[in-house]
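The values are calculated or read from the model by the stated rules, or taken from the named source; none is laboratory data. For clarity, every value in this text was computed on a predicted model and none was experimentally measured. Here the Cβ positions follow ideal geometry from the backbone for every residue, glycine too, while neighbour counts run over all protein chains shown. Side chains are part of the model used for accessible areas, which takes the heavy atoms of the whole protein and leaves out ligands, DNA and RNA. Shrake-Rupley method; radii C 1.70, N 1.55, O 1.52, S 1.80 Å.
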Amino acid sequence: MTAPKVDIAPGAVLVINAGSSSLKYQLIDPHTEQVYADGLAERIGEPTGSAITHEANGRNRRIDVALPDHAAAIAKVAELLREDGIFLRESGLAAVGHRVVHGGRTFHAPTVIDDEVRAEIERIAPLAPLHNPPNLVGIQAVSALLPDVPAVGIFDTAFFHDLPADAATYALDAEVAQKYAIRRYGFHGTSHQYVSRRAAEFLGRDYGDVNQIVLHLGNGASASAIRGGRPIDTSMGMTPLEGLVMGTRTGDIDPGIAFQLARVGGMSIDEIDHLYNKRSGLKGLSGDNDFRAILERVDAGDEAAALAYHVYLHRLRHYLGAYMIELGRVDAIVFTAGVGENAAPVRADALAHLEMYGIEIDPDRNAVRSPEPRRISTDASSVAVLVVPTNEELEIARQAAAVVAGA
Ligand code: AMP
């Protein structure tokens, strides 16, 4: 059944985040923040089980449908939208904003995607072999459907492009590093940028005056130290593997472990890559990468889950300490993403016993669940501890709209 036509405000943006077998999308007005539609196509290219979870006009549905490739997925999404009264081609969209994971040394700002830009994203794809190729497939598929709407690339690395050299440089042979574009790039930049701005707004202070540590704790996880709106350090590096313990990724690990696995274990580079990215982190330690399950198991006295939890916290506090020293003065510590926004025990344990540094969590405030930014520190805490829900889609839409408007 087709719904009556929905009026889309001119200037809305279709946000696309294409993974290897998934395509997340959101149709949003970056000015009013109204979300017209939102969804996820999963198991694209898989023989069975592909489906689209789709929400528009207050109607939520899940459709099991064959999705041989990304082009088929976006075509099906357009069909679902038509049934909801949303006609993408006639909606006067300002742009399609594509999340692109790696911008390499080239891209440090939102960029309108033409043939040259597409070729450059392809050229730097070896830096992010799991991410950039599916991003490109998404760009191709949506551009074929909406050839007249400008496509804008929003790079996950861009916010960290100007990291100071001391934080961005690996102590590796300088010529080798130069030849292979090896440096610390940082990721989740769109989230760190959105959340840090929102935190300054929440505090009623100028972005340029606030020193903050942002902890993006989702299935992927990263920390950043931001001095007056400029990141001076971040925990992810050349790839999203470095730094915090994550759902399935190792985070920091002795580089020599790879030698042992190859020489003694006979593992190939691809096997080690898979081990580090997919079979490690919380999942590798406990069998679960969902933090809800970990917390339940910890409460039930499960030893493997308890070890995973404590290794996770140990690494988190390690970065927290480092960034406090790097920043010197810390005005705010900000939690975001699935774990950071929802897991009160993680927030409490991450910042336990830090009163001597002016950091004190209020247990009642910490227990509140809300989609709004909120303060969870006591009034006596000189460092404001905040929970600020991230909204990467809104940030991508804003940046894409601004580029197209020439801002
Ligand atoms: P994200 O990558 O930001 O979507 O975060 C996903 C992760 O957030 C999931 O894997 C869960 O581990 C975690 N998460 C979501 N809701 C909760 C919750 N209520 N308590 C603890 N962890 C949660």
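Of the residues that sit in region 285-300 and are outside any loop (DSSP other than H, G, I, E, B) and open to solvent by 50 Å² or more (accessible area, probe 1.4 Å), which one is farthest from the ligand (Cβ to nearest atom)? Within region 285-300, the match that is farthest from the ligand (Cβ to nearest atom) is Leu285. Of all residue pairs spaced 6 or more apart or on separate chains, those with beta-carbon atoms under 8 Å, a first member in region 292-312 that is in contact (Cβ under 8 Å) with a residue 24 or more places away in the chain and a second member that is surrounded by 14 or more Cβ atoms within 10 Å (Cβ to Cβ) and of a type in the set (S, T, N, Q) are Ala308/Ser286. Of the set (1) touching an Asp or Glu at 6+ places or on another chain (Cβ under 6 Å); (2) within 26 Å of Gly11 (Cβ to Cβ), all apply to Asp156 but (1). Pairs meeting the criteria (first residue in region 1-12 and closer than 13 Å to Gly92 by Cβ, second residue among the hydroxyl-bearing types (Ser, Thr, Tyr), beta carbons under 7 Å, at least 6 apart or on different chains) are Val6/Tyr36; Ile8/Tyr36; Ile8/Ser91; Ala9/Thr32; Ala12/Tyr36; Ala12/Ser91.
Counting residues in region 135-144 that are surrounded by 15 or more Cβ atoms within 10 Å (Cβ to Cβ) and either farther than 30 Å from Ala75 by Cα or within 16 Å of the ligand (Cβ to nearest atom) (or both) gives zero.
Within region 391-398, is there a residue that is polar (S, T, N, Q), under 15 Å from Gly97 (Cα atoms), out of contact with any strand residue (DSSP E or B) (no Cβ under 8 Å at 6 or more places or on another chain) and within 16 Å of the ligand (Cβ to nearest atom)?
The initial filter retains those residues of region 391-398 that are polar (S, T, N, Q), namely 391.
Among the residues that remain, those that are also under 15 Å from Gly97 (Cα atoms) are: 391.
Of the ones still in play, those that are also out of contact with any strand residue (DSSP E or B) (no Cβ under 8 Å at 6 or more places or on another chain) are 391.
Going one step further and asking which of them are within 16 Å of the ligand (Cβ to nearest atom), we end up with 391.
Yes: one or more hits.
Where strands (runs of 3 or more DSSP E) fall wholly inside region 1-67, the ranges with 2 or more residues that are over 18 Å from Ala141 (Cα atoms) and modelled with pLDDT of 90 or more are 35-42, 51-56, 59-64.
The set of residues from region 213-230 being under 14 Å from Tyr194 (Cβ atoms) and part of a loop (DSSP other than H, G, I, E, B) comprises Gly218, Gly229.
For region 68-91, taking the residues that are among the charged types (D, E, K, R) and assigned to a helix (DSSP H, G or I), the one that is farthest from Leu136 (Cα to Cα) is identified as Glu83.
Any residue at all in region 261-278 that is assigned to a loop (DSSP other than H, G, I, E, B) and closer than 27 Å to Val195 by Cβ? Looking for residues that are assigned to a loop (DSSP other than H, G, I, E, B) and closer than 27 Å to Val195 by Cβ, one finds none in region 261-278, hence no. Here is the figure for region 258-283: residues that are open to solvent by 50 Å² or more (accessible area, probe 1.4 Å) and in contact (Cβ under 8 Å) with a residue 24 or more places away in the chain total 3. Condition check for Ala352 on (1) of a type in the set (Gly, Ala, Ser); (2) under 22 Å from Phe291 (Cβ atoms); (3) crowded, with 16+ Cβ neighbours inside 10 Å: one failure, at (3). With respect to being closer than 20 Å to His31 by Cβ and exposed (fewer than 14 other Cβ atoms within 10 Å of the Cβ), Ala405 fits the description. Tell me, yes or no, whether region 213-235 has at least one residue that is without any contact (Cβ under 8 Å) to a residue 60 or more places away in the chain, more than 16 Å from the ligand (Cβ to nearest atom), farther than 24 Å from Leu313 by Cα and of a type outside the set (Asp, Glu). Yes, region 213-235 contains a residue that is without any contact (Cβ under 8 Å) to a residue 60 or more places away in the chain, more than 16 Å from the ligand (Cβ to nearest atom), farther than 24 Å from Leu313 by Cα and of a type outside the set (Asp, Glu).
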